[in-house]
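Undergrad: Attaching a single structure in structure tokens format; questions to follow.
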Amino acid sequence: PDVEVLIYRPRVAAQPRPVYLNIHGGGYVMGVAELNGPGNMRLADELDCVVVSVEYRLAPETRAPGAVEDCYAALRWVHGAADELGVDRSRIAIGGESAGGGLAAALALLARDRGEISICFQLLIYPMLDDRTATTATPNPFTGEFVWTPAANHFAWTALLGSAPGVANVSPYAAPARATDLSGLPPAYISVGALDLFVDENIAYAQRLLNAGVPTELHVIPGAYHAFEMAVEASARVISGRS
């Protein structure tokens, strides 16, 4: 498919650089690539890398696997245009937050299975990985009260899958936690708040990655809820007088 991408480059010219393919969040049903603009600009400068942000199609108009195929199309383009972009095609990282993290995990599985492109790292920030969480009334009594609730989760998974979540035979390219084999995936960093609805599924996925021999770093942040860092960054901007 034709996929729009936004490209963020460091201020100082040098090459070849690593490249980070960023996938925005929004529960698979909302959001745009520009959403992560400030963070992507900061990443490009601080890490001296090129950041490419994907404008993937949203549910329910586009159901799975449409979004992950869009992300794969962007990944193939980055790999093929590496010389033009001034990036090192052996150092392609992928990642995102929430649904973007779920799509990054799905993309890692898809790239491994197709065997065309090597990914060096996956950055999963409170990733949305498991549709079965939406079928449990209270997966964890201390989670899901802020920002992303069980009701929102059930709606989003239903929109993505086009059917009720939790049924049999859901593709791992839609819900990565459904994958039976996690071996051969790129090293992973997973971060999630202790009050986030996704904390249990994220911990379980990290454990399964470790059991599959995938180098994995997991951070569970006490007192943090879903998308907490956006509120922190907004507060910092107000306090500092930045718009």
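The values are calculated or read from the model by the stated rules, or taken from the named source; none is laboratory data. No experiment lies behind these values; they were computed from the predicted model shown. Cβ: placed from backbone, ideal geometry, glycine included. Neighbour counts: every protein chain shown. Quick note on the areas: whole protein, heavy atoms, side chains included, nothing else; ligands and nucleic acids left out. Shrake-Rupley method; radii C 1.70, N 1.55, O 1.52, S 1.80 Å.
Undergrad: For the range 45-52, in order, what is each residue's ³J(HN,Hα) by Karplus, 6.51 cos²θ - 1.76 cosθ + 1.60 with θ = phi - 60°, in whole Hz (x at glycine and Pro)?
TA: Going residue by residue, I get 6, 6, 9, 6, 9, 8, 10, 10 Hz, with x marking Gly and Pro.
Undergrad: Carbon and sulfur atoms: what percent of the 1.4 Å accessible area of the chain do they account for?
TA: After summing per-atom areas, the C and S share lands at 57 percent.
Undergrad: Now a separate question. Tell me which residues come under 5 Å, amide H to amide H, from HIS24 once H is placed; ignore anything under 5 positions away on its chain.
TA: VAL54
Undergrad: Quick one: 3J(HN,Hα) in Hz for the range 186-198, Karplus 6.51/-1.76/1.60 with θ = phi - 60°, rounded, Gly and Pro as x.
TA: Taking θ as phi minus 60°, the curve returns x, x, 10, 10, 10, 10, 8, x, 5, 9, 6, 4, 8 Hz for the range 186-198.
Undergrad: So, one more: Which residue fluctuates the most in the chain, going by a Gaussian network model with Cα springs under 10 Å, if the choices are GLU34, GLU97, GLU55?
TA: So, out of GLU34, GLU97, GLU55, the one fluctuating most is GLU34.
Undergrad: Related question: From the square roots a ≥ b ≥ c of the eigenvalues of the alpha-carbon gyration tensor of the range 1-88, which class results: rounded (a/c under 1.5), prolate (a/b over b/c), or oblate? Show your work: numbers first, answer last.
TA: Numbers: a/c = 3.27, a/b = 1.63, b/c = 2.01.
Here the range 1-88 falls in the oblate category.
Undergrad: Could you rank the peptides 67-78, 207-218 by their average count of other C-beta atoms within 10 Å per residue, with the highest value first?
TA: 67-78, 207-218
Undergrad: Just to check I understand the Karplus step: with θ = phi - 60° and J = 6.51 cos²θ - 1.76 cosθ + 1.60, what whole-Hz values come out for the range 113-129, glycine and proline as x?
TA: 6, 7, x, 9, 9, 9, 10, 8, 6, 10, 9, 10, 9, 5, x, 8, 10
Undergrad: Calculate how large, on average over all directions, the projected area of the Cα convex hull of the range 73-216 is; give the answer in nm² to one decimal.
TA: If I average the Cα hull's projected area over directions, I get 8.8 nm².
Undergrad: Write down the accessible area per residue of the chain in Å², having rolled a 1.4 Å probe over the full set of protein chains. Walk me through the intermediate numbers first.
TA: Working: 11080 Å² over 243 residues.
Counting only protein heavy atoms, the per-residue value for the chain is 46 Å².
Undergrad: With a sphere of radius 9 Å drawn around the Cβ of ALA174, what net charge do the other residues whose Cβ falls strictly inside it have (Lys, Arg +1; Asp, Glu -1)?
TA: +1
Undergrad: Sticking with this one: Using Cα springs under 10 Å in a Gaussian network model of the chain, which residue among GLY66, GLY166, GLY223 shows the largest mean-square fluctuation?
TA: GLY223
Undergrad: To continue, here is another question. Give the long-range amide H neighbours of ASP88: residues separated by 5 or more places, or on another chain, with amide H under 5 Å away, using H modelled in the peptide plane at 1.01 Å from N.
TA: Sorted by chain and number, the residues that satisfy this are ARG17, VAL19.
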